[in-house]
1. Keeping to segment 56-84, report how many residues are under 18 Å from residue 26 (Cβ atoms) and free of Cβ contacts under 8 Å to residues at least 24 places away in the same chain.
2. Would you check if residue 274 is surrounded by 12 or more Cβ atoms within 10 Å (Cβ to Cβ), basic (Lys, Arg), on the phi < 0 side of the Ramachandran plot and part of a strand (DSSP E or B)?
3. Working only within segment 330-362, note down all residues that are within 16 Å of residue 307 (Cβ to Cβ) and modelled with pLDDT under 85.
4. Which residue out of 422, 405 is out of contact with any Asp or Glu (no Cβ under 7 Å at 6 or more places or on another chain) and modelled with pLDDT of 65 or more?
5. Which of the residues that make up segment 338-353 are in a strand (DSSP E or B) and crowded, with 16+ Cβ neighbours inside 10 Å?
6. Condition first: more than 30 Å from residue 109 (Cα to Cα) and out of contact with any Gly (no Cβ under 8 Å at 6 or more places or on another chain). Can you find one or more residues in segment 265-276 that meet it?
7. Got a number for residues in segment 201-259 being aromatic (Phe, Trp, Tyr) and farther than 15 Å from residue 277 by Cα?
Amino acid sequence: YINTEYISIVEIRVQPSVKVKNGDPMAIICHADISKNTDFQLKHNFTIFKDGKLVFMTVSDKEDARYEIPVAKSSHTGNYECRVRADVKLRMTKPILTADKKEVLEGEVVKLRCELPEEVPPLDFVFRKIKTNSAPKEKLVRERNQNFSEMDYYVEEGDNILQFDCFGKRQIKIGSYIYMCIYHLYVYLCSLAEPFIKPTLITRPSNNITEGDQIKFECSTVVAQMRDIEIILQKNRTILNSVRDKKFLKYSTVATQEDSGEYLCKVEQGAVSKTTKMNVFVSELFPRPTLFASMTKVDENKEILLDCRINGLHTANFSIVRKNSSGDILLRRSRVLEMRVNVNDTGSYTCKAEVKGIVKESHLVCCALEKPRAHWKPLQLICHSVMGTPPITFRFYKGDKIKKNVTNDTYATFLDENTGLNDSGEYKCDARNNHSSGVKTSNVLNITVIGKDASLGSIPYGEVEVGSETAFLCSVKEGSLPIHFKFFKKTDRDVLLHEAREYSDRTIWHKKTMKRKDTGTYYCMASNRASGEVRSRPITINVILAAWQKGVIAAFVLTAIAGAAAVALWWFLRKKKKGNERFPSLWGQMHHS
């Protein structure tokens, strides 16, 4: 049971008196007048304050407490106050604390039971889990109908030797006072065994990783029990590999720059999880290639040049492809592609470069290909009947379609105002009159419009030596024959140099002897009966001195320099000789004197 006592009076006094000389000893005494029964046992908390600040505190089972001051000073002057508190001291049996196991693994649960067999409820039980360098974790359970309580504790990562304790308490009201009765603590120790150690993550090679290298990851741990354990390797949130019921995991790949980043090796068993992290950096083997196009907007049937380049690198496996919704179309395994395009070649192009198994792709290059618009002028056809009695009805055909009916005496005309590149170019006519001889049909006349422009080239091209022969070639892709070709040189007023009528899509003009004044810009034009004149792009010819002419000039210059030097030497020697002749005569005159 619990014994009780009462504090009726608290007094404070000073020895020797309230007036003390500087340097003398003094003592402040706090006295509590306590009444109690014979079985009572109490501890008293004495607290002395000076000017509201705590200066002395002690716990005693006596009625007096002394605050000794060996040497009094002026700073000890002040108002002193004494307070006394009486606490109940327990004389109960210790609680009994037990656990359902002596050794545990991380992730497991320890069930504790704290019991006060000699006490009756209601009771408050406090369980504590004690860890080194951290505050105890307390859990309070109030039992109204039993003198014991149970509590589950989860064993966490980092727990080593587990220490638990428990105590019971209850509040008792005696008179106007409420006392807290605390039952003795009891400590229970429980040893901890790790289910597995923190995993180890390594890479080979460990550093200086470059794109194209084979990089290997190894993640391992030491396991107490090989049961439901899983090892996982992941980068960011992507799982790269995982194994079950094994102590190690391996993963390898060809390194790319995308493989740079943080890797995590995680080991899980039940509710326990441990991780190890590692940062990996992969150096660039070569930069991304760049695709250059000679032009991005080009007409049909023109040539375009695609060139794939890598800064500072010339050796790689290149390929040029065209993008397609159903997959890339390989055009050529080469760094350079030159092709003549049509409308169907409109699209996006890219190039790829491969070194040591690493493939990098350039940005897209879009080429807009336009079908050329035909240039034409009206085409006039005449259908003539040499014999026949008028009136005669003429019909004109373009391909298989009748374009015009004309009734006239001996001939009729038809003006086709829409001749283009895609026309069949086949024309014919027939004639009939009121006689019974029937219809007479002409032969088919094939007429083709010349393409959008002509082409001009020269051999040699660019630089031509004085006196040499130069061949100019003017051509068209298509057109009805004959074709009329003209060659011009650009001046203030363009000069016609040569013209020819050819039953061919090209002609060559040989200029026998080139002169310095022939340096300049040239172009050609072509026309036929079905279309107006089309013009080529200009070319520039630079007429330079021949090698032998340069040699003659050099020899002449050297000869002139040599001649000037000889004259200068002759003049110097002659002047020197005249000086020597004068000096002896002067010497003789002086000696004679």
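The values are calculated or read from the model by the stated rules, or taken from the named source; none is laboratory data. In this text, all values refer to a predicted model and were calculated from it rather than measured experimentally. Here the Cβ is made from the backbone with ideal geometry for all residues, glycine too, and neighbour counts use every protein chain on show. Surface areas here come from the heavy atoms of the whole protein model, side chains and all, with no ligands, DNA or RNA. Shrake-Rupley method; radii C 1.70, N 1.55, O 1.52, S 1.80 Å.
1. Just the residues of segment 56-84 that are under 18 Å from residue 26 (Cβ atoms), to begin with: 56, 58, 64-82.
Now drop any that are not free of Cβ contacts under 8 Å to residues at least 24 places away in the same chain, which leaves 58, 75, 77.
Residues flagged as under 18 Å from residue 26 (Cβ atoms) and free of Cβ contacts under 8 Å to residues at least 24 places away in the same chain within segment 56-84 amount to 3.
2. Working: surrounded by 12 or more Cβ atoms within 10 Å (Cβ to Cβ): yes; basic (Lys, Arg): yes; on the phi < 0 side of the Ramachandran plot: yes; part of a strand (DSSP E or B): yes.
In short, yes.
3. If the condition is that a residue be within 16 Å of residue 307 (Cβ to Cβ) and modelled with pLDDT under 85, then 339, 341 are the ones that fit.
4. Values: 422 fails: modelled with pLDDT of 65 or more.
Going through 422, 405 in turn, the sole match is 405.
5. Pass one, segment 338-353, residues in a strand (DSSP E or B): 338-340, 347-353.
349, 350, 351, 352, 353 - these are the residues of segment 338-353 that are in a strand (DSSP E or B) and crowded, with 16+ Cβ neighbours inside 10 Å.
6. Of all residues in segment 265-276, those more than 30 Å from residue 109 (Cα to Cα) come to none.
No, the conditions are met nowhere in segment 265-276.
7. As a first pass, look at segment 201-259 and keep what is aromatic (Phe, Trp, Tyr): 217, 248, 251.
Keeping just the survivors that are farther than 15 Å from residue 277 by Cα gives 248, 251.
Looking only at that region, the number is 2.
A quick yes/no check of all residues on (1) under 26 Å from residue 445 (Cα atoms); (2) of a type in the set (Gly, Ala, Ser); (3) open to solvent by less than 60 Å² (accessible area, probe 1.4 Å):
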{"site": "487", "(1), (2), (3)": "no, no, yes"}
{"site": "493", "(1), (2), (3)": "no, no, no"}
{"site": "498", "(1), (2), (3)": "no, no, yes"}
{"site": "503", "(1), (2), (3)": "yes, no, no"}
{"site": "507", "(1), (2), (3)": "yes, no, yes"}
{"site": "522", "(1), (2), (3)": "no, no, yes"}
{"site": "526", "(1), (2), (3)": "yes, yes, yes"}
{"site": "532", "(1), (2), (3)": "yes, yes, yes"}
